Amino acid sequence: MTLAERTRLSADERARLLGLAPARSFADGQFVQHQGDPGDAFWAVMEGHVLVGRYAEDGGFTAFGVIGPGDMFGELAFFTGIPRQADAVASGPARLVAIDRPLLRRLMQEDVGWAELLLRSLGRQLAVSLDIIDAERRLPVVERLLRLLRAMAADGPDGASVRATQQQLADLLGVSRVTLGAALRELAARGLVEPGYGRIALKAPLSPAG
């Protein structure tokens, strides 16, 4: 079992959670949370995907990641009491459950494994953030894209492909779509990826890019 799988709610855990709390539905492009909101709950994704990042005053957006089914986010504000540090927007239709303190206490009383799950989730988020900072300082866009694709594929169901649009990938890397397209074509020319409609297959072993 990979680290991503150990920090993601299983299908059974999501079903159990849905039996305890109602899911909220969000349309494509709808805000789940805004930067500065109070952190009175954190989120578990039941279906769909959520783009997490920050909008600047000039309207520019810096993406931090794409959150998928079984993933959780918003724990930092929830546990520390500080305002939300990121915006979250539904990327396509999505259904989420808000986990507040009464619900979390019930979950932890019934299953002590929830505490470990939350710690692993926060630890993984920190590790990913550090990798992003390091890559942005040291690597060209092509290598940053390859690292991103490998990380996203490792989180996916088959471990060898990524379901994302070029615009989503460009947002995650903080580059233009034109720059992203050029980097993707270079990776394809090197035989490392095979782009498709809304999906990119990795053709090389999922080892760190150097």
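The values are calculated or read from the model by the stated rules, or taken from the named source; none is laboratory data. Small disclaimer: the values here were computed from a predicted structure and weren't measured. Cβ: placed from backbone, ideal geometry, glycine included. Neighbour counts: every protein chain shown.
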(request) Could you tell me which residue of the range 140-198 is farthest from residue 10 (Cα to Cα), considering only residues that are in a loop (DSSP other than H, G, I, E, B) and of a type in the set (A, V, I, L, M)? (result) 175
(request) Identify all residues within the range 60-102 that are in a loop (DSSP other than H, G, I, E, B) and over 26 Å from residue 12 (Cβ atoms); write none if there are none. (result) 60, 81, 82, 83, 84, 85, 86
(request) Identify, from the list 103, 119, the residue that is of a type in the set (A, V, I, L, M, F, W, C) and within 15 Å of residue 23 (Cβ to Cβ). (result) 103
(request) With the checklist (1) surrounded by 20 or more Cβ atoms within 10 Å (Cβ to Cβ); (2) more than 12 Å from the chain's Cα centre (by Cα) in hand, flag the one item residue 51 doesn't pass. (result) (2)
(request) Considering only residues that are hydroxyl-bearing (Ser, Thr, Tyr) and in contact with a helix residue (DSSP H, G or I) (Cβ under 9 Å, 6 or more places away or on another chain), look in the range 55-94 and name the one that is surrounded by the fewest Cβ atoms within 10 Å (Cβ to Cβ). (result) 62
(message) Pairs needed: first member in the range 70-83, farther than 13 Å from residue 45 by Cβ; second member anywhere, at pLDDT 90 or above and acidic (Asp, Glu); C-beta distance under 7 Å; at least 6 residues apart or different chains.
(response) 83/37
(request) For residue 33, work out the one condition from (1) over 19 Å from residue 165 (Cα atoms); (2) surrounded by fewer than 20 Cβ atoms within 10 Å (Cβ to Cβ); (3) modelled with pLDDT of 90 or more; (4) not basic (Lys, Arg) it doesn't fulfil. (result) (2)
